[in-house]
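The values are calculated or read from the model by the stated rules, or taken from the named source; none is laboratory data. In this text the structure is predicted, and so the values were computed from the model without any measurement. For neighbour counting, all protein chains shown are included, and Cβ atoms are generated from backbone atoms with ideal geometry for every residue, glycine included.
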Amino acid sequence: MDDREHLVALRSQMSNVSSMFALAMVMFDRTEEQDILRLAVSSVGALGPFRAQGSYRVDEAGMHSSDGDSRLITPLIELAGADGTVEIPGVAWSCAFPMRALGGHTGYLVVSADQEPSPDRRFLLTTLAQLTGAALVSAGLHRRERASAMELGELNTRLESTNEQLQGAVADLQQRQRIHEVLTRVAAHRGGTAGIADAVHDLTGLAVVVEDRFGNLLAWAGPGRPHTYPGPQPRIRADLLTRVGRSGRAVRHRDRIVAVAQPRDEVLGVLSVVDPGNQAQERDIFALEHGAVVLAVELAHQRAMADAEVRLRRDLVDDLLNGVDNESAWARAAAIGHDLHQPHQVVVARWGPVDDEEVVTALSRAATQVLGAAMLTTRQRGAAVLLVPRPDPVGGHPPWTELHHAVALLVRSPNGSIGVGRPCAEPAELPRSYSEAVRALEVRRAAVGAGGATTFDELGIYRLLVAGAGDGEVREFVREWLGPLIDYDSANRSELVATLWQYYECGGNYDATAGALTIHRSTLRYRLGRIRELTGHDLGAVESRLNLHVASRAWRILNG
């Protein structure tokens, strides 16, 4: 080759190198692998009398091709990243050029020709394959960079959302903490139901209502309080409390959101906010529910205090009736707000068939109405017991008849008896007043028309009988005057003693006695005749009449 030919060849190589650099710039501008591979395959023919047999990509899934013969994959894998010839039917020469880059082996570019190319042209094909590999690595980097940028953007978005949620959670937590602190402070300072209502109103800005379990108003905070609070409807009220209790949360009912104060299984009260415009938010409901918890504690405390005071009062009365020294009695009474330094007396009542506890309650309420003084109550031996300061006379008379009438109205029955003991100057004397009240009650219950009140001072001669009601002397007296009648009644199941007692209780009136015994006058006349025969006494004689009446009354008391 002369100099001229050599110069032409050199210029041709320089032109190919320039084209290769231009191709590289185009390839590196591509960001999709398939675009780069198509560009490489289409450029093979520009480098000489060559034909591209396809590109084979190597990635995480292995080796694959979208434009080549899949039968070449196995031979290409066997090359293990090196260049080398591959056999293609009907092709004189074919070679696999590895698409290498700094990141490693990315696949093969398979080229064929009618004859083996010169080293210069082979160099161009090798360079094309390497440029393709480098462009593929660059495209991968761009793809991963875009993916990273997208992930970073999504992460930033999620971070912003999380920050907003966190800020909201912190604000909500701060608000809940404030609610907790405000209501805890109210509970600690024993603000009562009104304090709880005011606190929830300040926290929510809504009108707040506190009711007892029956729907009666206990406290109202905020605007809109009605002049007359509507009375509850029992059935609707019961259904509402059941629904709220089962839900475990506040429940909307008409224009209110209602929460129950329910420390255990029993509803003690109801706390609600008035919200006709549905303005209440979740934190308002939280304040309402937390307020209901504090209300439950407050109402349970009030009940416990009331129960404790009742127990203390009854324990004091029990001890006073059994006997206690003055100093101890005065101190214990002062501790529960009662003054025992003034004279007191004991009142005892029975009201069959009314429950004893109901009689105690009614007797206490009636005494407050009639006597207008503080009372101490208890139950003793099936009777209601009241310890009261000595009252002033009403219209010149003791107020015990008015007391009986008031109790009868409360228990809706006049069939009750009251016994009243004498006043005691000191607490240590109260057992005597209690014993006198019991004696008066027994005599009253044994008398005709038992309903009414009897004081010990009114007993007269019956004081002696009742005072010895457990002594053999009284029984001996009864036996002396009524023994034959008692024996006859026992043997014949008759009622001669009861007939004699009723006869004297009715003042010797035949019609009244027969009516009280629900017998005929002739039957009464027969019984009175048998009584005269058995006792040998004239029933109308003054001495016999007195002793027989006293004996029959004593018999009545001794036999209940």
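Couple of notes before you dig in:
- Of all residues making up segment 349-384, the number that are more than 36 Å from the chain's Cα centre (by Cα), farther than 23 Å from Arg332 by Cβ and in a helix (DSSP H, G or I): 3
- Residue within segment 143-154 that is modelled with pLDDT of 85 or more and part of a strand (DSSP E or B) present: no
- When we screen Pro431, Pro414, Pro423 for residues that are surrounded by fewer than 17 Cβ atoms within 10 Å (Cβ to Cβ), modelled with pLDDT of 85 or more and out of contact with any Phe, Trp or Tyr (no Cβ under 7 Å at 6 or more places or on another chain), the only hit is Pro414.
- Exclusive hit being out of contact with any helix residue (DSSP H, G or I) (no Cβ under 9 Å at 6 or more places or on another chain) and either in a helix (DSSP H, G or I) or among the β-branched types (Val, Ile, Thr) (or both), set Thr162, Thr132, Thr127: Thr162
- Among the candidates Gly140, Gly168, residue that is outside the structural domain of Leu271 (by TED's automatic domain parsing), of a type in the set (Gly, Ala, Ser) and more than 39 Å from the chain's Cα centre (by Cα): Gly140
- Extreme residue, nearest to Val348 (Cα to Cα), among residues of segment 389-427 that are in contact (Cβ under 8 Å) with a residue 60 or more places away in the chain and within 43 Å of the chain's Cα centre (by Cα): Gly416
- Search result, residues across segment 297-336 that are under 25 Å from Ala383 (Cβ atoms), without any contact (Cβ under 8 Å) to a residue 60 or more places away in the chain, assigned to a helix (DSSP H, G or I) and touching a Leu at 6+ places or on another chain (Cβ under 8 Å): Arg332
- Only residues that are in contact (Cβ under 8 Å) with a residue 40 or more places away in the chain and under 20 Å from Val293 (Cα atoms) were counted in segment 206-240, giving 10.
- Members of segment 100-116 found to be of a type outside the set (S, T, N, Q) and touching a strand residue (DSSP E or B) at 6+ places or on another chain (Cβ under 8 Å), listed by number: Arg100, His105, Gly107, Tyr108, Leu109, Val110, Val111, Ala113, Asp114, Glu116
- Scan segment 536-555 for residues that are surrounded by fewer than 20 Cβ atoms within 10 Å (Cβ to Cβ) and either touching a Ser or Thr at 6+ places or on another chain (Cβ under 9 Å) or not assigned by TED's automatic domain parsing to the domain that holds Asp489 (or both) and the total you get is 3.
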